[in-house]
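A short reminder: the numbers here are calculations on the coordinates, not readings from a lab. Since we're looking at a predicted model, the values are computed, not measured. We place every Cβ from the backbone using ideal geometry, glycine too, and count neighbours over all the protein chains shown.
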Amino acid sequence: MIILGIETSCDETAAAVVADGRQILSSIVASQIEVHHPYGGVVPELASRKHMENIVPVFRRALGKAGVDARQIEGVAVTRGPGLVGALLVGFSFAKAFAMSRRIPWIGVSHLEGHLNSLFLESEPPPFPFVALLVSGGHTNIYHVTDHTAARLLGQTRDDAAGEAFDKVAKMLGLGYPGGRVISQLADRGDPDTVSFTRPYLNKDEFDFSFSGIKAAVSRYLHKHPGSLQTRGPDIAAGFQEAVVEVLSYKILHAAEQMNCGHLALVGGVAANRRLREVVAGEADRRGLQLHIPSAALCGDNAAMIAAAGYHHLSAGRQSSPEEDVYSRQAEPFMNNREST
Ligand SMILES: Nc1ncnc2c1ncn2[C@@H]1O[C@H](COP(=O)(O)OP(=O)(O)OP(=O)(O)O)[C@@H](O)[C@H]1O
Ligand SMILES: [Mg+2]
């Protein structure tokens, strides 16, 4: 089944064509970094306007690159939430109108379910069940994943997401937006052991996270040590990154152990972080566990992962109705719920 995927939940306009939830025929991502960079974060109204400009050209490029005609698309999957409502509406309305005009099935899917399904676009996807750390700009969630569209939430952040902490600390260090990649590049030149920051919840036997304390610790350090930004920037970045990575890796490895899973995964934008990948891979290896991480391009937002998730809903006969709407952060049917499996 050839599925068109559409993603506009935040600051990337993305369209992809994916066959059978596995094979990427095309994946186009138009980033809006240059629009939001001067403001140090995403401006929702500007994001919506840019999506409106981008959506048709991005869709056309996705079809062109895949070498398929609109008539060959057999189903449409689109991000329904969570995200910025005005941004989501652009992709959602486009996808709905395209599917209805072509009289093909369509489904609104969770962005989080999309991130988890990015694993199945790689050559060695994990077998079910497995544990996954979804670590991104808006979420830090640990799941026990039992199927493409079924997962139980084991833990989540109680305040900032890990990616959000990277972005906010980057702002404090004057590195601009988005911060994750720049912090990790700066950290490569620093020593993680000279400036140490707090590691919240590290020893608790639970899977929730908190990152606002690490962020506040960086801010306190900068106030207490004026001029340190100029003299010790790389060490501060490395110390911060090491604290976040230690907490994230401790929790996901602990989850694999507790759930008795031989396979674990990292997904979402922060899963592109080199140090996180390295630490979790080393520990997984030591414990005889198999780690799965999508390529960096599939860690960040993209529409191929949305098409992959949508494929499993559509092939199970689930479809969206014309009345269906987008959502920002409400409880999700499968992916945001500690009770569901
Ligand atoms: N190399 C990296 N190291 C650390 N963080 C990174 C890296 N690359 C990207 N990030 C972070 O990943 C986040 C973006 O990820 P993603 O696009 O999945 O988030 P989002 O879609 O905005 O949020 P969500 O998926 O929770 O709705 C940003 O916070 C960014 O700073
Ligand atoms: Mg995302």
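Observations
- Full extension of the chain between ALA216 and SER196 yields a length gain of 5.9 nm, computed as 0.36 nm times the residue separation minus the alpha carbon distance.
- When the trypsin sites (Lys or Arg not before Pro) in the range 52-105 are filtered for DSSP coil states and for at most 13 other beta-carbon atoms within 10 Å of their beta-carbon, the remaining sites are ARG103.
- Evaluated at q = 0.14 Å⁻¹, a Debye calculation over the C-alpha positions of the range 127-293 (equal weights, vacuum) places log10 I(q)/I(0) at -0.67.
- Value of Rg/Rh across the range 40-126 [Cα atoms, Kirkwood radius]: 0.99
- Karplus 3J(HN,Hα) series, Hz, for the range 294-302 with 6.51 cos²θ - 1.76 cosθ + 1.60 (x for Gly, Pro): x, 4, 3, 5, 8, 6, x, 4, 7
- Helix axis angle, 304-315 relative to the chain longest principal axis, alpha carbon, degrees: 50 degrees
- In the structure shown, the pairs LYS65/LYS96; LYS171/LYS215; LYS204/LYS251 are assessed against 19 Å; a Cα-Cα span above that value is assigned to LYS65/LYS96.
- Pairs of Cα atoms farther than 32 Å apart, the chain, %: 29 percent
- Degrees, to the nearest 10: 274-287 long Cα axis against longest axis of the chain: 90 degrees
- Computed lengthening from LYS204 to ASP188, 0.36 nm per intervening residue step minus Cα-Cα distance: 2.8 nm
- Space enclosed by the convex hull of the alpha-carbon atoms of the range 56-191, per residue, Å³: 182 Å³
- Exposed GluC sites (Glu not before Pro) absent: longest stretch of the chain, with sites in DSSP loops and at most 13 other Cβ within 10 Å deemed exposed: 1-205
- Unit charges on C-beta of K, R, D, E only; dipole of the chain, Debye: 440 debye
- When you filter the trypsin sites (Lys or Arg not before Pro) in the range 164-260 for DSSP loop state and at most 14 other Cβ atoms inside 10 Å of their Cβ, you are left with ARG189, LYS204.
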